[in-house]
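Visitor: Quick one: this structure, given as structure tokens, is what I'll be asking you about.
The values are calculated or read from the model by the stated rules, or taken from the named source; none is laboratory data. Note that the structure is a prediction, hence the values are computed from the model and not measured. Here Cβ is always computed from backbone atoms with ideal geometry, including for glycine, and neighbour counts include all displayed protein chains.
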């Protein structure tokens, strides 16, 4: 925690031109960075300087800047979303760093997340996992009264915990196997815990896991790096739930 | 957006989760074997006779070949599936190596190095079989029954400091492997509950320590207290 | 241009029902012959795309994000209203309708608002069926809370992340259709032109943000669900990429823009910390249930808050509005904060904030109760400001949050361009001059799930459209326009960055078209904005190239539109000399500084028609006729 008003940092930032390009680290000096800035605001400042000098600004994904959209995706000193637990890059503030530090900033890497440019990666594989089964098959207008099926509060709360995933892909980036099991497990859990979603839980888990494998994410070796990196605190419990449901669904499928 | 899987996908044993189930189920067998093996060897501290009779009882069982083949199969399937997933996982990571996570987001050393201790353990097991199972065949007779004097071989082998320290080194790796492996099996098979998981994690550590320490005590005892 | 609201005849309660019956249906076998483009995949866009695809229409959905799930609907915290009356506290469809139209200061269309209240219950049912984990009681039934000054508990919520959960529900419904092949999803595409061929909206031109390619897409109808234009102010609670380009391009192709000056300033945001500030973060309105708002009595009193004794503090909301106190509605509270800061009594380093103090609540309820109620918000505040709100009062200040204005639509949600439909925050329809809390989510989903699927069918069957594909000249021309404009931006190669211009524009808008407006200021804005726009086109520096990922170019193109839109906002604010809702004209206030509405002269929707480059837009009026309710003055004293 820096108590200073402003700090100076050295940044080693990954630069890559297009998914086929060969990347390299580029060094930037971040001077007089206010400790009130967020990590992304520091990048804004650096980009303004680059533009003024006639250079090519660093491309990075970002949007809501309040930790909910899941768009920001920087790996800072090897940690997806930086050093703090349950904090997305956009909520990480510069007072977290010390004057004179050197920071290495990379994209969320994985084979399934090809780099598009600099720190921007393609995470559409996660969307395809959802499209394969991460939903309740209920068309508009079919619903019964919202209070028609009581749901135990505990189940509902657990479902919420799983559903708070923001789909940023930090779990994949943090995993030495680039596995998307925490992401997939969170959605499998969210829907299976609710009576509305439990109806098709077998089909869902089979389809989502199949799609996950097809996207060439790795498998899990239970290191827990995903859980540590998750900005929303999604737990490994969700993955265990997916595993047992997958077994049950495989055994009973026809 | 195209490429959505239309059928229920690959079979269980080729899916990412299925493969982990196989690795985990095999691991249960090996883990239990390791514990019983360690406990049986504790007869070393009773007497050479007890040790040899125990050994003889095991190998004279008519089903021993079948049991050994099953054990070998379990071991090899565990190894083969691990190699398979490891190759896939390396590929999934992509060609650029990742920096390791640090600080509040770090994970245990033993969990990230499972493959490497696995390799050490694999060669250790091969060496171990060569030394003992296929080692010198001394004879001894108890109550008129001729049997193999495995105790004598053991004492002989553990006179070598190289062998003793290599053995200890390898067993420490086995301990690390079990430390992560035991709790990991529970997770893979789908047992994770806030009420029980802390206990399972402790069980994993305890199991690893007991097995490793038990195995280590034997060569050290021989080396320091059973000079020939 | 003639504005025809197409509000059905008959009593208010039966209008939608009978309209649904009278609208034409499409034979199921024929539905797949109709192609519909949906731009934007937030609550309104995703729900519309999913609902239409479920019916069998062929849908193409566009988002500039990498995934539909990132739309800014996701950031809504508080909740969603519905008149379920589960709390048994006397709620009804009529009461929800009345509260909404009153909250909007009687500047919304009665029939639309009634329909919104009418379909709200079905939204909750639909979302629960989709697996949205709303808060529940121990008995397993849904929990409700009160919100935004309503006297009933009608707000359904999912912790502080209601928007996220509702959006994920709609996103999952959309992705289900993508998986089934009924929706074609185009991500990382930004719409740059609306294509109007033979008098009807027939497609769009967009830019693939990854490759830079300019693409054309043709359809039988186009739906815009692209959100509001709050980012014109540079600093707002909107996400960085939220923009008005789609609706602005539609405006330039003939869609009237209604009530652009109706912008909502939310009172409880974390104040600006410095020049580097890139956006503002909202703190849920619920904090005002227990926090007390104050500033020092003396101007220039810079002592730390703990050293200012009670008798030297001015709890101004409690003083001015004894009956509502700290719970006065958004527009009123925001304005009061501004008055205090203008008097030189602002707090914090920038002096651009007021205190929201939990000292008394902590004393009364204890630390643990406060943590239970607001723990996550306190944490978020501390993360951003590095101050512990349990010990020092929070500093808050109003920030641009939502825009009630938008493209004009009729009862069928169709704009003045045939075939162009507009949903959610992008249209002007339901919130009048001020939106109530927990109503935006309701409107987005009502439009998408329950209104557009009916009205689009009626349009498609009755329109008798000729066959048009992307080879049509209108597409060529639109592509050309889009490309020329991008190239023009790149070719300036000036000395100032896009952000510098945007920040400057934001300051002008905030100063003159912000929380309180007056004739002189608005006239000044109408001089300064065009001047700055001139400079922009002379001196902006956009690096990079057209044919590759180029975030600066994206920004530049959006900011170029804000210059024009900002001018229209000022123009609209200037003409509306009454005060109503979020639009406060200093000339029109009561002796005690309250907003004074002028129903005689301004009970209408101002819809602006584009007349061409450097020509003044023409205003059309849709007069608001209230068949059922009595216009009343809002008072919170």
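Visitor: Whether any residue in segment A:65-84 is over 17 Å from the mean Cα position of the chain (by Cα), crowded, with 23+ Cβ neighbours inside 10 Å and away from chain B (no Cβ under 13 Å) is what I want to check.
Guide: no
Visitor: Here's a follow-up. Determine, yes or no, whether residue C:46 is in a helix (DSSP H, G or I) and within 19 Å of residue C:163 (Cα to Cα).
Guide: Against the criterion (in a helix (DSSP H, G or I) and within 19 Å of residue C:163 (Cα to Cα)), residue C:46 qualifies.
Visitor: Within segment C:601-635, how many residues are within 20 Å of residue C:436 (Cα to Cα), out of contact with any helix residue (DSSP H, G or I) (no Cβ under 6 Å at 6 or more places or on another chain) and modelled with pLDDT under 95?
Guide: The qualifying residues number 6.
Visitor: Collect the residues in segment B:91-115 that are more than 7 Å from chain A (Cβ to nearest Cβ), assigned to a loop (DSSP other than H, G, I, E, B) and either at positive phi or modelled with pLDDT of 90 or more (or both), keeping them in residue-number order.
Guide: Scanning segment B:91-115 gives B:108, B:113.
Visitor: Kindly state which helices (runs of 4 or more DSSP H) lie completely within segment A:106-219 and contain at least 1 residues that are touching a residue at least 24 places away in the same chain (Cβ under 8 Å) and within 14 Å of chain B (Cβ to nearest Cβ).
Guide: Helices (runs of 4 or more DSSP H) meeting the threshold: A:124-133, A:153-163, A:170-174, A:181-192, A:201-214.
Visitor: Could you grab me the full set of residues in segment A:228-254 that are modelled with pLDDT of 95 or more, facing chain B (nearest Cβ under 9 Å) and either more than 21 Å from residue B:191 (Cβ to Cβ) or under 17 Å from the mean Cα position of the chain (by Cα) (or both)?
Guide: The answer is A:228, A:229, A:235, A:236, A:238, A:239.
Visitor: Please state which of the following conditions residue C:274 fails to meet, knowing it meets all the rest: (1) in a loop (DSSP other than H, G, I, E, B); (2) more than 14 Å from chain A (Cβ to nearest Cβ).
Guide: Failed condition: (2).
Visitor: Now for a separate question. Do you know which residues across segment C:50-62 are touching a strand residue (DSSP E or B) at 6+ places or on another chain (Cβ under 7 Å) and within 11 Å of chain A (Cβ to nearest Cβ)?
Guide: C:52, C:53
Visitor: Identify all residues within segment C:13-39 that are surrounded by 18 or more Cβ atoms within 10 Å (Cβ to Cβ) and farther than 23 Å from residue C:465 by Cβ; write none if there are none.
Guide: Once the filter is applied, which keeps residues that are surrounded by 18 or more Cβ atoms within 10 Å (Cβ to Cβ) and farther than 23 Å from residue C:465 by Cβ, segment C:13-39 yields C:15, C:16.
Visitor: Is there a residue in segment C:343-351 that is part of a helix (DSSP H, G or I) and on the phi < 0 side of the Ramachandran plot?
Guide: no
Visitor: Does segment A:85-97 hold any residues that are more than 10 Å from chain B (Cβ to nearest Cβ) and more than 17 Å from residue A:41 (Cα to Cα), and which are they?
Guide: none
Visitor: Quick one: residue B:176 ticks every box in (1) touching a helix residue (DSSP H, G or I) at 6+ places or on another chain (Cβ under 9 Å); (2) surrounded by fewer than 18 Cβ atoms within 10 Å (Cβ to Cβ) except a single one, so which number is it?
Guide: Going through (1) touching a helix residue (DSSP H, G or I) at 6+ places or on another chain (Cβ under 9 Å); (2) surrounded by fewer than 18 Cβ atoms within 10 Å (Cβ to Cβ) one by one, residue B:176 breaks only (2).
Visitor: Also: Which ones in segment C:123-148 are assigned to a helix (DSSP H, G or I) and within 7 Å of chain A (Cβ to nearest Cβ)?
Guide: If the condition is that a residue be assigned to a helix (DSSP H, G or I) and within 7 Å of chain A (Cβ to nearest Cβ), then C:124, C:125, C:126, C:128, C:129, C:130 are the ones that fit.
Visitor: For segment C:218-237, give me each residue that is within 18 Å of residue C:560 (Cα to Cα) and assigned to a loop (DSSP other than H, G, I, E, B).
Guide: C:226, C:227, C:228, C:229, C:234, C:235, C:236
Visitor: Can you tell me how many residues in segment A:202-226 are surrounded by fewer than 21 Cβ atoms within 10 Å (Cβ to Cβ) and more than 24 Å from residue A:122 (Cβ to Cβ)?
Guide: 2
Visitor: Can I ask one more? Kindly provide the set of residues from segment C:98-111 that are assigned to a helix (DSSP H, G or I) and surrounded by 24 or more Cβ atoms within 10 Å (Cβ to Cβ), ordered by number.
Guide: Once the filter is applied, which keeps residues that are assigned to a helix (DSSP H, G or I) and surrounded by 24 or more Cβ atoms within 10 Å (Cβ to Cβ), segment C:98-111 yields C:100, C:101, C:103.
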